[in-house]
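Since the structure comes first, as structure tokens, the remarks are kept for the end.
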Amino acid sequence: MPISSQAVGSTTTLPITEISARRIIAYAAGLGDTNPRYLDDAAAAGIVAHPAFCVALEWPAAVALREQSPLGGTADEKLRAVHAAQDSTWHRPIRPGDWLRTMATVLQVRTIKPGALVLTKFATADADTGELVVTSYSSTIYRGVGVTGEDAQSEAAPVILRTPEGLAPHIGVDMPIAREAPHVYTECAQIWNPIHTERRVALQAGLPDIILHGTATWALAASQLIQRCAHGDPTRLRRLAGRFTAMVIPGTTIRLAYTTMPDEPQTVFYSVYNADGATAISSGLAVIEP
């Protein structure tokens, strides 16, 4: 059953979620990030969530949208879904004690060469005031799945600045990925997709092995950029975008490369390369608050 373009405009809203220190700490621990801003809840300033924690709130909304909207797709076809891009903007940090609600809206369904592409907007807001906390645009590709109806779009994704010509990345950082990393991230982020943890399912889905979540690779890049470009202050990261263009196999080492504009150090362009040298995250853009 192909993906239906009639799903464009459909929405789902999650029940209110109370953010606990335990969830914030667990997410950072799942990345192996020991920044005390995520872990030391005894500090006078308290803790904040790792910016990428937003995906832990967006995942249940994405699942509900697939099940409750007219998106379509069989159980087998849903297993072929891969996260293709993530572009998040933080309006303020997430902290323990927040009561948040996430709404997901299908913005676009269209046919591309690998299959059906679905663009979803996630808006996470304070449940009491309605104040936006995080806005994300997420693309998913259903590999080898067709689209029913004409391509449809209600809103385009934000433009991601391209790396200026001649501005080559000049700093590289190796990031070893433990074989158990997808399992740890799955449990700590509460994002359950068997292609990341069950090799039998991954092989049935046409993958060579279990693969690291795209959001985990994205979050690891964020951790490095926060340490190196924001003096370890996660509240200064205001936007992080990237396209997930190659797989990361656990048990290998990946490499982050990044550079900044000479006259705009708050704008960071980055890429992540997998062990084979393929670009795991392309079109990477981070915006750091001065």
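Only the coordinates and a few stated rules stand behind these numbers; no lab work does. This one's a predicted model, so the numbers in the text were calculated from it and none came from an experiment. Neighbour counts run over all protein chains shown; Cβ positions are idealised from the backbone, glycine included.
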Item to check | Cβ-Cβ FRET estimate between residue 153 and residue 180, R0 fixed at 35 Å, reported to 0.05 | outcome: 0.30
Checklist entry - Between residue 263 and residue 233, what FRET efficiency follows from the Cβ-Cβ distance if R0 is 22 Å, with the result rounded to 0.05? => result 0.50
Next on the checklist: For Cα pairs less than 8 Å apart in space and 6+ apart in sequence, what is the mean separation divided by the residue count of region 3-288, i.e. the relative contact order in percent?
Outcome noted: 20
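For the peptides 80-91, 177-188, what is the packing order when you average, over each peptide's residues, the other Cβ atoms within 10 Å and list the highest mean first?
80-91, 177-188
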Next on the checklist: Given points 7 Å out from each Cα along the Cα-Cβ axis, report the residue 165 to residue 200 separation in nanometres with one decimal.
Outcome noted: 5.3
Item to check | Mean Cβ neighbour count within 10 Å, used as a protection proxy, ranking 222-233, 117-128 highest first | outcome: 117-128, 222-233
Checklist outcome for this item: For 254-260, 153-159, 37-43, ranked highest to lowest by mean beta-carbon neighbours within 10 Å, the order is 254-260, 37-43, 153-159
Item to check | Cut-off 20 Å (backbone N to label point 7 Å along Cα→Cβ of residue 129), residues of region 26-49 | outcome: 45-49
